[in-house]
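Here is the structure we will look at, set down as structure tokens.
The values are calculated or read from the model by the stated rules, or taken from the named source; none is laboratory data. Note that the structure is predicted; figures quoted are calculated from it, not measured. Neighbour counts are summed over all protein chains in view; Cβ atoms, including those assigned to glycine, are modelled from backbone coordinates with ideal geometry.
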Amino acid sequence: MSVTMKHKIIKYLLVLLVVFLTSKLRAQQDPQFTHYMYNMSVMNPAYATDNADVINLGGFYRAQWVGVKGAPTTQSFFAHKPLSKRVEVGLSVVHDEIGDVVKENNIYADFAYVIPVSETVKFSLGLKAGVTLFDTNFNGFVLTDPLPDPAFQNNISQTFPNIGAGLYLFGPNYYAGFSAPNMMTSRHIETINGHPGSGVEAVHFFMTGGYVFTFNGNDNFKLKPAFMAKGVEGAPLSLDVTTNILINNKFELGAGYRMGDSVSGLASFYITPQLRIGYAYDYTLTNLDAFNSGSHEVFLLFDLDLNKLSSNGKGYDKSPRFF
């Protein structure tokens, strides 16, 4: 396949997807992350690192609206590794909990096929496949309505198969992605004791992008703007805009804005070239600000270099993970 033909295919795919998404994006049931640029495997199976012989591992914990009784908490984990120049695979897990009542686990295997566009630019197609485990526990749940909704009277434990898909275009200093990590609409509640009900998890769509600016050849100072648009039909669009500054390839500070929802402060630090920790704080801008003290998020990223574990003990100097 010629380079010109590859460019045309990518152009048509991106145009068609943008048109489709702009007609569908409305926003959100899925968990959200302020450090979304470092949790890309969870939302886009086409995410590729192009780091041969390195297993990328990451864990996130988010406490939403601290101080609100029953507020959501979310944990995620991913492991990702290239198998060859064209194939990358991974595992992603997301655990979402609302109080002690609703628990949801999404467990997926990820597959990405990478297509070289030029010497430095690549385009990948990705698929997710796995299960969603959905559980509710209304034992001890107090309802003030004199005629309580029957949907809150019975505990639920269900398993749903699910698949996802994504596109990812990336170079040394930028990326753009489009994805739908859960493409099979699942109904958690349809009929309760003969009463019609609805507990639908709709398809979510994500658009992401980021760029790394280096000024006057100064490799010790980089500006990293990024964005994420998230949506689902029937609700307003959720848009995150973030800017981070990377200093000496070791320390990062940033700020973010989630449209109509919150402002954020972000920080991360390389403890070693392979180990990185980070923290984000979200300050609520909605009417909920009177009832919570904000949202907290922490993450841990670790790059396991298999070359350094080999018998010769030799590895290579890996550049910082920009996204």
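For the stretch 32-75, name all the residues that are of a type in the set (F, W, Y), surrounded by 23 or more Cβ atoms within 10 Å (Cβ to Cβ) and part of a strand (DSSP E or B). F60, the sole residue that qualifies.
In the stretch 97-108, is there at least one residue being over 24 Å from N155 (Cα atoms) and of a type in the set (F, W, Y)? Yes.
I want to confirm something. Restricting to the stretch 210-267 and keeping residues that are in a loop (DSSP other than H, G, I, E, B) and closer than 21 Å to L300 by Cβ, which single residue is farthest from the chain's Cα centre (by Cα)?
Let us first name the residues in the stretch 210-267 that are in a loop (DSSP other than H, G, I, E, B), namely 212, 215-220, 232-237, 248-250, 259-261.
If we keep only those that are closer than 21 Å to L300 by Cβ as well, we get 248-250.
On the way: N248: 26, N249: 23, K250: 23 Å.
The residue in question is N248.
Scan the stretch 272-280 and tell me whether some residue there is modelled with pLDDT under 95, surrounded by fewer than 16 Cβ atoms within 10 Å (Cβ to Cβ) and outside any strand (DSSP E or B). Yes, that holds for at least one residue.
Among residues that are of a type outside the set (S, T, Y) and at pLDDT 85 or above, R26 is not included.
Residues in the stretch 288-308 that are part of a strand (DSSP E or B) and not β-branched (V, I, T): S295, H296, E297, F299, L300, L301, F302, D303, L304, D305.
Is the stretch 181-189 home to any residue that is more than 21 Å from the chain's Cα centre (by Cα), in a strand (DSSP E or B), of a type in the set (K, R) and modelled with pLDDT under 95? Yes: the stretch 181-189 contains one or more residues that are more than 21 Å from the chain's Cα centre (by Cα), in a strand (DSSP E or B), of a type in the set (K, R) and modelled with pLDDT under 95.
I'm checking my understanding of the structure. Among residues of the stretch 281-323 that are among the aliphatic types (A, V, I, L, M) and at pLDDT 75 or above, which one is farthest from F227 (Cα to Cα)? Spell out the reasoning first.
Step one: list which residues in the stretch 281-323 are among the aliphatic types (A, V, I, L, M), which gives 285, 288, 290, 298, 300-301, 304, 306, 309.
Within this subset, residues satisfying the condition of being at pLDDT 75 or above are 285, 288, 290, 298, 300-301, 304, 306.
Working: L285: 19, L288: 24, A290: 28, V298: 19, L300: 21, L301: 20, L304: 28, L306: 32 Å.
My answer is L306.
Contact map, the stretch 274-293: residues that are in contact (Cβ under 8 Å) with a residue 12 or more places away in the chain and within 30 Å of K308 (Cα to Cα) paired with residues that are of a type in the set (S, T, N, Q) and assigned to a strand (DSSP E or B), Cβ distance under 8 Å, separation 6+ or inter-chain. Pairs shown: R276/S268; I277/S268; G278/S268; Y279/S268. Every condition in (1) modelled with pLDDT of 95 or more; (2) closer than 22 Å to F299 by Cβ holds for E97 except the one numbered (1). Screening L83 with (1) closer than 21 Å to L304 by Cβ; (2) buried (at least 16 other Cβ atoms within 10 Å of the Cβ) gives one miss only, at (2).
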